[in-house]
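To start, the structure itself, in structure tokens.
Read the figures in this text as sums done on the coordinates, not as results from a lab. The structure displayed is predicted, hence computed values, not measured ones. So basically every Cβ, Gly included, is an ideal-geometry build from the backbone, and we count neighbours across all protein chains shown.
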Amino acid sequence: MKAPNTTVNVFLKLNSERVSNCFTSCSSSDSKRSIFFRIQSRSFKPSKKIFEYYAMIFLTINEPMIVLAQLVMRRGGGLNGSYQFHRLYEIRKIVNTERISSANEFGSGASSLLFNKYIERFVTIEESESWASHYLEMLNSIKWFPGLKSNIKNLDIHILPRLEFLDSTRELVCSYVMPDKLMHEEFELVYIDGPTSWIQSKIHSNTFIRDKEKLIPNTSILALSAKPRIILIDGRRATVSYLIEKGNLGNAHIGLRGTYRCHPGVRPYHTSIYT
């Protein structure tokens with residue numbers, strides 16, 4: 001069932017007390033510049049770890065191919081942590097509950113195999129050619145596993161460069177340089193887990209960066225001509241804050257991830273935006 005619609009302003013108004021605790025305003029040196037917001041992370045509760053292990057057991061039983069791929073990628077330099085299973089569990093649930101038929105993923109990984117298994121039209125975008133090559137090499141090392149060989153064969157990976165630039169308010173952001181075909185294709189779901197948020201260019205004195213850890217937003221979603229029905233964001237505090245403030249979301253329902261809502265318990269893992 002599609003989430004109920006509400007405007008961003010209503011969301012912020014109805015949750016003003018919660019939002020005031022989760023967002024810290026920070027003004028720039030330019031007095032004419034408006035107030036910006038930064039989402040703060042909070043400590044985790046033990047219940048979160050319990051659910052992460054539940055997710056790992058669930059996926060081991062129902063998605064052994066995905067679990068094996070995740071473990072192989074860890075060995076090959078991928079991210080560690082039981083939270084990865086919570087992430088994959090939630091992706092699987094949303095894709096099947098919402099009956100997603102097309103998706104675009106920013107940043108490749110074990111999630112790419114999960115999307116590709118259930119979604120008819122799936123595209124994954126990666127900025128690093130070396131990681132994409134290494135990624136496929138790791139997957140091919142276990143292609144004997146039932147169903148994995150055909151999944152890899154049908155995987156549509158696009159290697160696209162990452163660009164850093166200043167937006168109209170001189171905030172430093174980053175985006176993939178996408179071809180017209182991808183920008184004009186319609187996707188029901190867009191998953192944001194890339195490109196890297198770490199700054200790789202020289203920072204000028206009049207450049208604005210909102211995040212306390214100097215991470216920058218990914219604005220690739222704004223380059224798409226058709227707005228997806230669902231946007232899922234893996235962490236990326238700066239991207240979440242940017243889209244809420246500058247993303248022209250209009251009539252959208254926003255579900256912040258648990259840590260961003262000052263409720264660091266079990267769910268949700270992702271920030272979800274239903275447009």
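Residues whose amide H lies under 5 Å from that of Phe208, counting only those 5 or more places away or on a different chain, are Glu171, Leu172; hydrogens are built 1.01 Å from N in the peptide plane. In order along the range 177-192, the Karplus-derived 3J(HN,Hα) couplings, from 6.51 cos²θ - 1.76 cosθ + 1.60 at θ = phi - 60°, round to 8, 9, x, 4, 4, 6, 5, 9, 7, 8, 10, 6, 9, 10, 10, 9 Hz, and Gly and Pro are given as x. Charge tally for Asp156 (other residues, Cβ to Cβ under 14 Å; Lys, Arg +1; Asp, Glu -1): 0.
If the viscosity is 0.692 mPa s and the temperature 37 °C, what Stokes-Einstein diffusion coefficient in µm²/s follows for the range 72-185 when Rh is the Kirkwood radius over Cα pairs? All intermediate terms of the calculation are to be shown ahead of the outcome.
Working: Rh = 15.6 Å.
Reported coefficient: 210 µm²/s.
Summing +1 for each Lys or Arg and -1 for each Asp or Glu among the other residues whose beta-carbon sits under 13 angstrom from that of Val95 gives +1. Descending by average beta-carbon neighbour count within 10 Å, the peptides 113-124, 136-147 line up as 113-124, 136-147, the highest first.
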